[in-house]
Amino acid sequence: MKNNLIITIFTVFGISIHAQQNRSMDSYQQDVRFNQYMEKLNHVEKKLGYADIEGSPFYKANFLPARFGNSATVFPIRFNCYTDTIEMLNGDNIYEIPKTNIVKGSELSKFTFKNSNETLILVDTYDEYSGYFFLLVNGKNQLLKKITIEFKPEIPAPNHLIKSIPARFEKQFFSYFIKTENNFVRVPTKTEDLLFHFPENKDEINDFIMKHKLRISKETDLAKLVTFLNEN
């Protein structure tokens, strides 16, 4: 796809996007889709709007500037944890980036938020976890974090003395994964279960965990462990 040779300035949230350095929205048209029902959820016989549901399905409610892949292209996006999709804002329209069309290593398989430097990558795990992960540690071994949000339907009041429980989005616990060159491991709760997935160097890993008193349930400790794996 060609870069737009005509200089355009597209300002959203005070961000100027220069077409000579960045891809234009037009060049993404075949990769994204407009969905006027983006913020609605089909439930039973009625369509609920996100505004009618308590909580939020988004990692961050606002659209935030993010760099696409390793390019200079920047557009405002937000991550919908409930649908596990990236939504992109262009003017007043919201576009969804379908995961089925994304080629591994393309600009649309990696997004880095400019302000926080957090990175989302698309990973095909060939199971129910396939989708977007936050990349916490990069290298031959990657530490990934999955955030899922569940929808809980309304629970009607059983009688006039008890209030109904409104429909809501509930944030779930974070799940952590270690993606190696040959495996994809969901981090378990027990150290011995984690060591099972690394039989060739389980003694070195165990010694490192014991020496530094790491807890594999703690994100910063997991980052230290995966960094250690990449250095050895």
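The values are calculated or read from the model by the stated rules, or taken from the named source; none is laboratory data. The model shown is predicted, which means the values in this text are computed figures rather than measured ones. Don't worry about glycine lacking a Cβ; one is built from the backbone with ideal geometry, like all the others, and counts go over all protein chains shown. For accessibility, only protein heavy atoms count, side chains too; no ligands or nucleic acids. Shrake-Rupley method; radii C 1.70, N 1.55, O 1.52, S 1.80 Å.
So for the pair Ser56, Asp221, with labels modelled 7 Å out along Cα→Cβ, what separation do we get in nm?
Computed distance between label sites Ser56 and Asp221 equals 3.1 nm.
Just to check I understand the Karplus step: with θ = phi - 60° and J = 6.51 cos²θ - 1.76 cosθ + 1.60, what whole-Hz values come out for segment 66-73, glycine and proline as x?
Rounded to whole hertz, the list is 9, 8, 8, x, 9, 8, 8, 5.
Let me know the shape class of segment 61-135, please: from the alpha-carbon gyration tensor, a ≥ b ≥ c as square roots of the eigenvalues, rounded when a/c is under 1.5, otherwise prolate if a/b is greater than b/c, or oblate.
prolate
In this model, which of Lys47/Lys218; Lys104/Lys213; Lys140/Lys211; Lys110/Lys171; Lys171/Lys213; Lys114/Lys179 are farther than 31 Å apart at the alpha-carbon?
Violating the 31 Å limit, Cα to Cα: Lys47/Lys218; Lys104/Lys213.
Determine by what factor the alpha-carbon radius of gyration of segment 107-173 differs from 2.2 N^0.38 Å, reporting the quotient.
Relative to the rule-of-thumb radius for its length, segment 107-173 sits at 1.68.
Per residue, how many Å² of accessible area does segment 114-205 show with a 1.4 Å probe?
Counting only protein heavy atoms, the per-residue value for segment 114-205 is 64 Å².
Between the alpha-carbon centers of segment 114-168 and segment 50-102, tell me the distance in whole angstrom.
Each part's Cα centre sits 14 Å from the other's.
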